[in-house]
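Have a look at the structure below, then the notes.
The values are calculated or read from the model by the stated rules, or taken from the named source; none is laboratory data. Just so it is clear, the model here is predicted, and its values are computed rather than measured. Please note: Cβ atoms are built from the backbone with ideal geometry, for glycine as well, and neighbour counts cover all protein chains shown.
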Amino acid sequence: MAITEWDDYLIHQIPDTIDTVVGSDPHWMDRFFFGCHNTEGTLHLMAGLGTYPNVNVMDGFVCVRRNDVQRNIRLSRHLQADRANTEIGPLSFKVLEPLKRWGIYLGDNDHDIGCSIEFNGRVAP
């Protein structure tokens, strides 16, 4: 089975509605994770987002470490039926071009961190 453009999204399907997953385990999840750093090793960023359809939760985080200072933000909301909506408050993950380009955006918040990052694929999936 080949990877398709839909594999970038947190929508993994069975013969049912798009918001239904194969099992009833409350820990069933679909997630993605990004990590990056500069070449000097003084700046690190980790960011991720997960959906937990059986408990109707979406959560996400961004962790930034610059030199010896680390800042974290964790966010959560009800999942809702629209799986294409990957926004949690000021945090959003966007598929800009399936299997090629992603964006991570963290707007104004109370944790003194923010980002606007685009990831570009270097090799074919």
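Annotation for segment 108-122: no member residue is aromatic (Phe, Trp, Tyr), without any contact (Cβ under 8 Å) to a residue 40 or more places away in the chain and part of a strand (DSSP E or B). Looking at Asn85, Asn54 in this structure, which one is assigned to a loop (DSSP other than H, G, I, E, B) and farther than 19 Å from Cys115 by Cβ? Criteria check complete, one pass: Asn85.
Just wondering, is there one or more residues in segment 39-52 that are among the acidic types (Asp, Glu) and modelled with pLDDT under 90? No, every residue in segment 39-52 fails to be among the acidic types (Asp, Glu) and modelled with pLDDT under 90.
Filter segment 79-92 down to residues that are surrounded by fewer than 16 Cβ atoms within 10 Å (Cβ to Cβ) and of a type in the set (S, T, N, Q) and give me whichever is modelled with the lowest pLDDT. Per the stated criteria, the residue is Gln80.
Considering only residues in segment 13-49 that are touching a Pro at 6+ places or on another chain (Cβ under 9 Å) and closer than 16 Å to Arg77 by Cα, the one that is surrounded by the fewest Cβ atoms within 10 Å (Cβ to Cβ) turns out to be Asp19. Residues in segment 50-78 that are in contact (Cβ under 8 Å) with a residue 40 or more places away in the chain and surrounded by 18 or more Cβ atoms within 10 Å (Cβ to Cβ) were compared, and the one that is farthest from Asp108 (Cα to Cα) is Thr51.
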